[in-house]
Amino acid sequence: MEITEKIVKKHGLKKEEYHRIKKLMKRDPNLLELGIFSAMWNEHCSYKSSRLHLKKLPTKGKQVIQGPGENAGVIDIGDNDAIVFKIESHNHPSYIEPYQGAATGVGGILRDVFTMGARPIALLNSIHFGSPSHPKTKSLLNGVVSGIGGYGNCMGIPTVAGETKFNDTYNENILVNAMAVGHTNKNKIFYSKAKGVNKLVVYVGSKTGRDGIHGASMASAEFDENSEEKKPTVQVGDPFTEKLLLEACLELMKDDSIIAIQDMGAAGLTSSSVEMASKGSLGIELELDKVPCREKNMTPYEMMLSESQERMLIILEDGKENYAKKIFKKWDLDFVVIGKTTSTNNLTLKFHGKIEGEIPIDALSSKAPIYDRKWSKKKASKKKTDIKKLKKIKLEDALVKILSSPNHSNKSWITNQYDQMVMGDTVQRSGSDAAIIRIHNKNKAIAVSVDSSANYCKSNPVSGGKQIVCENWRNIISVGAKPLAITNCLNFGNPEDEKIMGEFAECLIGIKEACEFLSYPVVSGNVSFYNGTNRKNIFPTPVIGGVGLINNLKKPLNHNFKNENNIIILIGKTFGHLDQSCYLKENYSIHDGMPPEINLLNEKNNGDVVLNLIQANLVSAAHDVSSGGLVVALSEMSIGSNLGIKIEKSKKLRNTAQYFFGEDQGRYVLEIDKKNLISVEKTLKNNDIFYENIGITQKDYFEIEGEMRLSINDLYEINNQWYNNY
């Protein structure tokens, strides 16, 4: 077939990229070769617009075993235990076909984890939808939640934490980010780097079909009014087959049979084979007529670009073929030798004995385009909301409005669809600052959380980037865990737009600063560009997934109040920052202004001291103060515990919206038993930590002296009414 400009464009390649391909190959590519370049050079696989910026992130630390560049990141948690984790996006597929898009997003991230030799022990998600009143939102929400729950539940892996948010910016481009966490021994980690010549290349798992062809390319382009036509590019998942694949791979991993292993994810057989060969500086030869296919007359083009799920590519040690084959036969999975490693440094594709394609590996990997795209800085907004000029609203009415809003309502309707307790190691599930998973048969655990703040990042990308890392760090600390490392999923609009590229670059500056200061390295992640429709881009939405360690798991800590007449302490200064707050958005529909400043020194000092207090068993409950401010944090603590509060009206700001709804950062609410108060205050003073004793816990009523008095039952009903009526 003659390669025309139209065909090149249809493959998502620009003219200058096609000329680069011809130069690298020293000839014109055929259609198969063009399709392979299209898959490997798209944004989703090559990171061509983001790589220069990603290199600046801190990725090392004494706890880091494997940073970015592998299927997932790996950290050391002591005692020969390692945690493997990563987050990835499946945004475009989930908008087109919500159930399968979300389900295969879960399936893909699970394979990234068990490819490294780890048994998955937890799933998390960050899902963002358009306005609840938008005609598509309800069906998209139902489909995505069902897809996440359906796949995870069938796999028998607990979905323990996440976030669900609504904003008009996602009306035509929802976000579905899935995170998986696994556990393995430190000396049993598997990598994707090919080694040795004439080693067997083995295809295992499900058969190849025509689903998902050009899926990675579709994820690297904006939507338009014809997005529904892209349904054939959405993969179809089968969690029961993936469960078999998981068990078969982990069984084979018990000995030294595997040289390298790679999930067939985005771009399927193409990316898996190219990545393995590239990392090992080798070539790879595939005999495509040996690929197990579930549909008749599949072409080499379709086989190489299919994104059918539940498949792996393995390079085996000599003499291990029969042993490995028996394992996969036992689990009723395909096991076929489809090729070998070579010294040619080429990807060689044969079909019925004839070479159908031959491409230098480095042309697909190291010589793929890297763009230093122009970007512009976000101009700082000078607009400040004059609170005094706003129509006065009672604090109680303002709180009711926030707690009954879509973003702050009780989300148990969603989390109840997820099996959170399967495997028996979930110590604390969704609903607190972080979930806690016990390391099986041991007295230690990990804490996990995911966070995002699109409105902060849109207003000031640098501050927004810092804030998300800090909030995630506080969430991990609030359950008594030491934060160890993060994974990130960076969801942005079109990188060819200078403003959008500026949002990306500046968010990463903020993420970098916070991670460096907090010693919270980035060990894995994903970039999702082109999130938008008809040139309308989403807000910048970086999502941070964090992992922390609890070395000695006693009674787990959460944010629910424990007893009456305990002291409530607020850690950190309150300046009353309301711009970009829930208070202004929900009560006045004001979305202007700058987010609160991030003082990394205070974040570090406050967090370290709070963690020390928790580890010394001096804290009964802890909760970070973030979206909605102090009064929302307090209400969440009350609703979860069925205990009330009484806040004294004695300080200068106590009766103002700024004090109760301000979203100043670096703050925590602590519940302290009276017998521990002297020790706690001594520790806080010795470490120069600003704190306030703001009230006590009590039975039945949520009370701010002179401002509001709500029964806990009323508070609970208010918090549940939106989802009950949706």
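A few notes on this one:
- For region 229-362, the average shadow cast by the Cα convex hull is 8.9 nm², which is a quarter of the hull's surface.
- The chain: relative contact order as a whole-number percent, Cα under 8 Å and 6+ apart: 15
- Note on Tyr723 and Tyr588: the model spin-label points, each 7 Å out from Cα along the C-beta direction, lie 3.0 nm apart.
- Hull volume in cubic angstrom per residue (convex hull over the Cα atoms of region 82-178): 80
- Taking other residues whose beta carbon is less than 10 angstrom from the beta carbon of Ser405, and scoring Lys, Arg as +1 and Asp, Glu as -1, yields +1.
- Centre separation in Å (Cα based) which lies between region 138-213 and region 348-366: 28
- In plain terms, the chain from Met1 to Ile678 could stretch by 235.6 nm, reckoned as 0.36 nm per residue minus the Cα-Cα distance.
- A straight chain from Asp700 to Glu247 at 0.36 nm per residue would run longer than the Cα-Cα distance by 158.1 nm.
- For the chain, the carbon plus sulfur part of the accessible surface works out to 47%, probe radius 1.4 Å.
- Estimated FRET transfer efficiency when R0 is 56 angstrom, pair Ala616-Val197 (beta carbons, to 0.05): 0.45
- Neighbours of Tyr716 by Cβ distance under 13 Å: Lys/Arg scored +1, Asp/Glu scored -1, total -4.
- Here region 549-593 is treated as a sphere whose radius is the Kirkwood value from Cα pairs; by Stokes-Einstein at 20 °C and 1.002 mPa s it diffuses with a coefficient of 145 µm²/s.
- Only Cα sites of region 389-534 enter the Debye sum here, all with the same form factor; the resulting log10 I(q)/I(0) across q = 0.10, 0.21 1/Å is -0.49, -1.27, listed in q order.
- Between Ser257 and Lys382, residue separation times 0.36 nm minus the direct Cα-Cα distance comes to 38.8 nm.
- With all pairs of separate Cα atoms included, the chain yields a Kirkwood hydrodynamic radius of 26.3 Å.
- Taking a point 7 Å from the Cα of Ile370 along the Cα-to-Cβ direction, the residues of region 37-68 with backbone N closer than 19 Å to it are 40-60, 67-68.
- Accessible-area order (highest first, 1.4 angstrom probe) of the listed residues Asp332, Asp318, Asp386, Asp211: Asp332, Asp318, Asp386, Asp211
- Note on Lys536 and Asn565: their simple-model spin labels are 5.8 nm apart, each label 7 Å out from Cα toward Cβ.
- Lys444 - accessible surface, heavy atoms, 1.4 Å probe, Å² rounded to 10: 10
- Interatomic Cα distance distribution for region 481-562, bins of 5 angstrom, percent: 3, 13, 19, 17, 14, 12, 9, 6, 4, 2, 1
- Charge context of Asn551, other residues only, Cβ under 9 angstrom, K/R +1, D/E -1: +2
- Residue order for Asp664, Asp608 - accessible surface, 1.4 angstrom probe, largest first: Asp608, Asp664
- Helical contribution to [θ] at 222 nm, DSSP H n ≥ 4, -39,500 (n - 2.57), averaged over the chain, rounded to 500: -10000 deg cm²/dmol
- Heavy-atom accessible surface of the chain, averaged per residue, reaches 39 Å², computed with a 1.4 Å probe.
The values are calculated or read from the model by the stated rules, or taken from the named source; none is laboratory data. This structure is a prediction, so every number in the text was calculated from the model and none was measured. As a convention, Cβ positions derive from the backbone with ideal geometry for all residues, glycine included, and neighbour counts pool all protein chains shown. Calculation scope for accessible area: heavy atoms of the full protein, side chains included, ligands and nucleic acids excluded. Shrake-Rupley method; radii C 1.70, N 1.55, O 1.52, S 1.80 Å.
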